[in-house]
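*Asks:* Have a look at this one before I ask anything.
The values are calculated or read from the model by the stated rules, or taken from the named source; none is laboratory data. These numbers come from a predicted model, not from an experiment. Glycine gets a Cβ as well: all are built from the backbone with ideal geometry, and neighbour counts include every protein chain shown.
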Number of protein chains: 2
Amino acid sequence: MSEVYATRRTRLRERCNAGGSAAALVSRPANVRYLAGSAPPGAVLLLGKREDLLVCSGPPDDRPTEGRPDEALRLHVLPAAGGDPAVAAADLATAQGADSLAVEEHHLTVARHRAIGSVAPGLRLADLGNAVEQLRVVKDEEEISCLRIGAEIADQALGELLESILVGRTERHLALELERRLVDHGADGPAFPTSVATGANSGRRGHRPTDRRVEEGDFLSVCLGATYRGYRCEIGRTFVIGTSPADWQIELYDLVFAAQRAGREMLAPGAAYRDVDRAARQVLDSAGYGEGLPALIGHGVGLEIDEDPQLAPTAMGKLDACVPVTVEPGVHLPGRGGVRIDDTLVVRPEADGGPELLTITTKELLAL
Amino acid sequence: MSEVYATRRTRLRERCNAGGSAAALVSRPANVRYLAGSAPPGAVLLLGKREDLLVCSGPPDDRPTEGRPDEALRLHVLPAAGGDPAVAAADLATAQGADSLAVEEHHLTVARHRAIGSVAPGLRLADLGNAVEQLRVVKDEEEISCLRIGAEIADQALGELLESILVGRTERHLALELERRLVDHGADGPAFPTSVATGANSGRRGHRPTDRRVEEGDFLSVCLGATYRGYRCEIGRTFVIGTSPADWQIELYDLVFAAQRAGREMLAPGAAYRDVDRAARQVLDSAGYGEGLPALIGHGVGLEIDEDPQLAPTAMGKLDACVPVTVEPGVHLPGRGGVRIDDTLVVRPEADGGPELLTITTKELLAL
């Protein structure tokens with residue numbers, strides 16, 4: 001694995017040097033993990049002129065950390081109460097002879113940026129921008145394999161829940177049970193707070209579980225994901241409780257299903273982000289649900305649950321092969337409830353069979 | 001409740017005006033919640049020259065949010081894809097005639113700060129510093145009551161776990177069960193990721209639960225907390241598994257207990273933060289465990305689990321009445337395990353009976 005991280009750092013260094021900076025300071029935790037194999041709390045990565053250093057605020061053994069740091073990378077451990085690793089890293093960059101340092105201005109606070117400036121006044125601070133996030137968009141097969149396992153775990157947890165009795169249980173309890181099952185099946189933990197929504201809550205994006213109990217006739221919408229070796233996936237499904245869904249429930253379900261399929265079918269290398277969004281959005285729009293739709297139809301996943309690209313009306317850019325994204329349209333009718341359907345897929349060329357669906361739980365409307 | 005938030009905002013406005021700024025922009029979520037009653041995702045609070053506004057990136061009904069916004073506060077809701085609420089707030093500050101705006105430089109990123117500067121070039125940007133965090137240090141009785149209920153919930157969850165069979169169960173499962181019990185007893189959720197550590201892992205601060213199973217003869221250390229109405233408390237206890245603790249276990253336990261008691265006994269209005277730290281630390285130090293001790297012996301709790309004050313060797317300042325803090329010394333012996341004991345207490349004057357212990361689970365060494 002060590003070569004993977006070294007290669008990633010080389011690619012970043014090339015970008016950085018091309019941008020005129022001799023050294024780079026990576027502080028955003030998911031970016032540190034991507035380049036170093038692990039991101040101990042507070043740690044930053046210095047791509048120095050002479051060598052790369054993972055600068056930690058304490059011995060990594062004593063800190064709760066996911067992943068193992070790349071063994072080819074030297075650790076620089078600050079003493080207890082040794083201050084901000086980002087400030088120490090700027091000092092180390094200067095010691096290696098760098099006269100300029102690219103930092104993540106979208107992550108560093110103004111206060112930390114100023115502290116770096118004062119400890120290393122000779123260092124010209126530039127903006128690294130989203131360079132690491134951009135490297136992270138296209139995944140290698142190792143990364144996709146982690147997402148695939150995470151998706152299997154989420155499918156299993158959801159499948160088991162559907163076999164149990166649901167009526168009378170609260171949203172909170174169902175969410176906790178799903179999270180327990182994720183861990184039972186080998187997840188590091190949930191990829192994000194599990195959402196379970198019943199009745200009038202159903203179909204709300206990111207709904208936080210309440211003490212509302214599942215009742216006959218409800219829509220039940222569930223959104224969960226597993227983290228596996230740091231990689232986060234997402235699945236969302238909506239069910240009806242009871243033997244016979246009402247007509248409005250069937251119609252709404254079919255509509256959201258059609259929108260989600262339209263979005264999925266647009267996933268191909270070269271497809272514009274906004275066209276994927278539009279394909280799904282216009283199905284809902286032409287049925288009169290254009291108002292109140294979420295700002296995006298899907299997004300990238302990886303070391304973070306919400307990463308580039310954004311599949312949204314104003315997003316610029318095109319999909320590449322090996323980019324995992326969600327497609328997750330939904331409609332929520334205030335006071336009545338609604339439907340969300342959410343999959344994680346990997347963009348693949350048509351020659352390879354088209355988009356690879358990672359979350360394979362059925363999307364038929366199940367009456368439970 | 002509305003008056004509480006209005007009074008807090010008035011106190012902040014006074015500080016801010018005294019510092020020469022006409023308006024203030026609060027972006028750190030816990031600070032927004034403290035002043036506005038709720039912090040919808042991404043929302044910021046503008047203390048304007050004419051009126052205060054909670055600037056949200058979407059209708060608050062559609063967003064998963066804890067707490068209710070103060071009804072006396074006007075909401076300013078941006079359209080979908082309406083950009084950064086902090087940038088919009090700077091624009092609104094200018095529209096109200098402000099020529100200067102204090103921002104939270106320790107929270108705003110360099111990129112957002114720059115975006116504010118470009119949308120409102122006539123606005124002088126100053127630093128609000130930790131003004132809101134400082135207001136948050138001393139709690140009112142309503143806040144302490146939330147912490148007290150949270151502590152009761154954590155005590156209950158822990159008490160129930162101790163009645164069950166522990167040998168053979170994994171750290172992960174015990175942690176999940178504790179979190180389920182927290183929610184069962186009415187918590188919003190865990191205050192932080194529950195830590196369960198057995199055998200050689202025991203006594204490690206912030207240990208993330210693994211698949212290690214509890215065995216006879218182990219130390220078992222547990223650290224958990226409940227969030228209740230946004231307020232977060234913390235309790236940590238260490239137990240021995242089996243009928244007869246080894247001598248080294250009894251000695252180590254007694255030592256950490258003595259250190260923790262020494263820290264607790266120092267809690268009084270007017271006591272220096274560093275003296276509380278030293279009281280506990282020197283007990284461990286004089287027994288030869290000075291190396292490898294954590295950077296702090298305790299910290300404030302409230303809307304965040306780790307807030308001011310820090311009870312640490314170099315901390316400046318003195319305790320006030322009605323400040324809730326943890327006292328949580330621990331010793332971890334690599335390869336063998338260790339002990340942590342952690343309480344949440346509220347500083348009270350001696351006339352009121354001295355420090356109020358919120359987490360009342362026994363600190364006797366229980367053999368389970």
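*Asks:* Can you work out which of the residues in segment A:79-106 that are among the acidic types (D, E) and outside any helix (DSSP H, G or I) is farthest from the other protein chains (Cβ to nearest Cβ)?
*Replies:* Once the filter is applied, the top-ranked residue is A:D99.
*Asks:* Moving on to the next point. Hey, does segment A:278-285 have a residue that's under 22 Å from A:E356 (Cα atoms), in contact with a Lys or Arg (Cβ under 8 Å, 6 or more places away or on another chain) and more than 14 Å from every other protein chain (Cβ to nearest Cβ)? If you could, list the steps in order and put the result at the bottom.
*Replies:* From segment A:278-285, those under 22 Å from A:E356 (Cα atoms) are A:278-281; that's our starting set.
Filter once more, so that each one left must be in contact with a Lys or Arg (Cβ under 8 Å, 6 or more places away or on another chain): none.
Within segment A:278-285, none of the residues are under 22 Å from A:E356 (Cα atoms), in contact with a Lys or Arg (Cβ under 8 Å, 6 or more places away or on another chain) and more than 14 Å from every other protein chain (Cβ to nearest Cβ).
*Asks:* Would you check which residues across segment A:286-302 are in contact with a Ser or Thr (Cβ under 7 Å, 6 or more places away or on another chain) and within 14 Å of chain B (Cβ to nearest Cβ) and list them?
*Replies:* Across segment A:286-302, the qualifying residue is only A:H299.
*Asks:* When B:P29 is evaluated against the numbered criteria (1) within 29 Å of A:A197 (Cβ to Cβ); (2) touching a Ser or Thr at 6+ places or on another chain (Cβ under 9 Å), which criterion, by number, is the only one it fails?
*Replies:* (2)
Per-residue answers, yes or no, for (1) surrounded by fewer than 22 Cβ atoms within 10 Å (Cβ to Cβ); (2) part of a strand (DSSP E or B); (3) basic (K, R):
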| residue | (1), (2), (3) |
| --- | --- |
| B:G302 | no, no, no |
| B:Q310 | no, yes, no |
| B:M316 | yes, no, no |
| B:A321 | yes, no, no |
| B:H332 | no, yes, no |
| B:G338 | no, yes, no |
| B:R348 | yes, no, yes |
| B:G354 | yes, no, no |
| B:T361 | yes, no, no |
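*Asks:* Could I ask something else about it? Might you check whether a residue that is part of a helix (DSSP H, G or I), within 14 Å of chain A (Cβ to nearest Cβ) and either touching a Pro at 6+ places or on another chain (Cβ under 9 Å) or at pLDDT below 95 (or both) occurs anywhere in segment B:234-253?
*Replies:* Looking for residues that are part of a helix (DSSP H, G or I), within 14 Å of chain A (Cβ to nearest Cβ) and either touching a Pro at 6+ places or on another chain (Cβ under 9 Å) or at pLDDT below 95 (or both), one finds none in segment B:234-253, hence no.
*Asks:* If only one of B:H76, B:H113, B:H106 is within 26 Å of the chain's Cα centre (by Cα), surrounded by fewer than 24 Cβ atoms within 10 Å (Cβ to Cβ) and not assigned by TED's automatic domain parsing to the domain that holds B:R232, which one is it?
*Replies:* The unique qualifying residue is B:H106.
*Asks:* What tally of residues in segment A:118-160 results from selecting those that are modelled with pLDDT under 95 and buried (at least 20 other Cβ atoms within 10 Å of the Cβ)?
*Replies:* 2
*Asks:* Okay, next question. Could you check segment B:321-336 and list, in sequence order, the residues that are at pLDDT below 95 and at positive phi?
*Replies:* Within segment B:321-336, B:G335 is the sole residue that qualifies.
*Asks:* Quick one: would you say A:R274 is within 14 Å of another protein chain (Cβ to nearest Cβ) and buried (at least 23 other Cβ atoms within 10 Å of the Cβ)?
*Replies:* No: the conditions fail for A:R274.
*Asks:* Which of (1) at pLDDT 95 or above; (2) surrounded by fewer than 23 Cβ atoms within 10 Å (Cβ to Cβ); (3) not charged (D, E, K, R) does A:L224 not meet, given it meets every other one?
*Replies:* (2)
*Asks:* Quick one: is A:G199 farther than 30 Å from A:P309 by Cα and of a type outside the set (S, T, Y)?
*Replies:* It is true that A:G199 is farther than 30 Å from A:P309 by Cα and of a type outside the set (S, T, Y).
*Asks:* Here is a further query. Mind checking which residues of segment B:124-141 are aliphatic (A, V, I, L, M), part of a loop (DSSP other than H, G, I, E, B) and within 14 Å of chain A (Cβ to nearest Cβ)?
*Replies:* The answer is B:L128, and nothing else.
*Asks:* Hey, does segment B:195-210 have a residue that's buried (at least 20 other Cβ atoms within 10 Å of the Cβ), in contact with a His (Cβ under 6 Å, 6 or more places away or on another chain) and part of a strand (DSSP E or B)?
*Replies:* Yes - at least one qualifying residue is present in segment B:195-210.
*Asks:* Also: Is there any pair linking a residue in segment A:153-176 that is in contact (Cβ under 8 Å) with a residue 24 or more places away in the chain and outside the structural domain of A:S202 (by TED's automatic domain parsing) to one that is assigned to a helix (DSSP H, G or I) and among the basic types (K, R), with Cβ under 7 Å and at least six apart or on different chains, and which?
*Replies:* Going by the 7 Å Cβ cut-off, there are no qualifying pairs.
*Asks:* If you don't mind, another one. Considering only residues that are touching a residue at least 24 places away in the same chain (Cβ under 8 Å), within 22 Å of B:I360 (Cβ to Cβ), of a type in the set (A, V, I, L, M, F, W, C) and in a helix (DSSP H, G or I), which ones fall in segment B:254-284?
*Replies:* Matches in segment B:254-284: B:V256, B:F257, B:A258, B:A259, B:V276, B:A280.
*Asks:* Further, regarding this structure: Take segment B:231-256 and flag every residue that is of a type in the set (G, A, S) and either outside the structural domain of B:V183 (by TED's automatic domain parsing) or out of contact with any Cys (no Cβ under 7 Å at 6 or more places or on another chain) (or both).
*Replies:* B:G242, B:S244, B:A246
*Asks:* Also, I was wondering about something else. Name the single residue, out of those in segment B:285-301 being in contact (Cβ under 8 Å) with a residue 40 or more places away in the chain and out of contact with any strand residue (DSSP E or B) (no Cβ under 6 Å at 6 or more places or on another chain), that is nearest to B:G230 (Cα to Cα).
*Replies:* Here the answer is B:P294.
*Asks:* So which residues in segment A:33-58 are crowded, with 24+ Cβ neighbours inside 10 Å and either of a type in the set (A, V, I, L, M, F, W, C) or assigned to a loop (DSSP other than H, G, I, E, B) (or both)?
*Replies:* A:L35, A:A36, A:A39, A:P40, A:A43, A:V44, A:L45, A:L46, A:L47, A:L54, A:V55, A:C56
*Asks:* To continue, here is another question. Take segment A:207-219 and flag every residue that is within 7 Å of another protein chain (Cβ to nearest Cβ) and either closer than 15 Å to A:T238 by Cβ or among the aromatic types (F, W, Y) (or both).
*Replies:* Selection gives A:H207 alone.
*Asks:* For segment B:56-65, check the following and say yes or no: at least one residue is of a type in the set (A, V, I, L, M, F, W, C) and within 14 Å of chain A (Cβ to nearest Cβ).
*Replies:* The first filter runs over segment B:56-65 and keeps only residues of a type in the set (A, V, I, L, M, F, W, C), leaving B:56.
Add one more test, that the residue is within 14 Å of chain A (Cβ to nearest Cβ), and what stays is B:56.
Scanning segment B:56-65 turns up at least one residue that is of a type in the set (A, V, I, L, M, F, W, C) and within 14 Å of chain A (Cβ to nearest Cβ).
To keep it simple, each residue is scored yes or no on (1) assigned to a strand (DSSP E or B); (2) away from chain B (no Cβ under 14 Å); (3) under 19 Å from A:R229 (Cβ atoms).
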residue: A:R112; (1), (2), (3): no, no, no
residue: A:A115; (1), (2), (3): no, no, no
residue: A:G122; (1), (2), (3): no, yes, no
residue: A:E143; (1), (2), (3): no, yes, yes
residue: A:L147; (1), (2), (3): no, yes, yes
residue: A:A157; (1), (2), (3): no, no, yes
residue: A:L166; (1), (2), (3): no, yes, no
residue: A:L178; (1), (2), (3): no, no, no
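*Asks:* Out of the residues in segment A:180-193 that are part of a helix (DSSP H, G or I) and closer than 12 Å to A:Y228 by Cα, which is modelled with the highest pLDDT?
*Replies:* Checking each candidate, the answer is A:L182.
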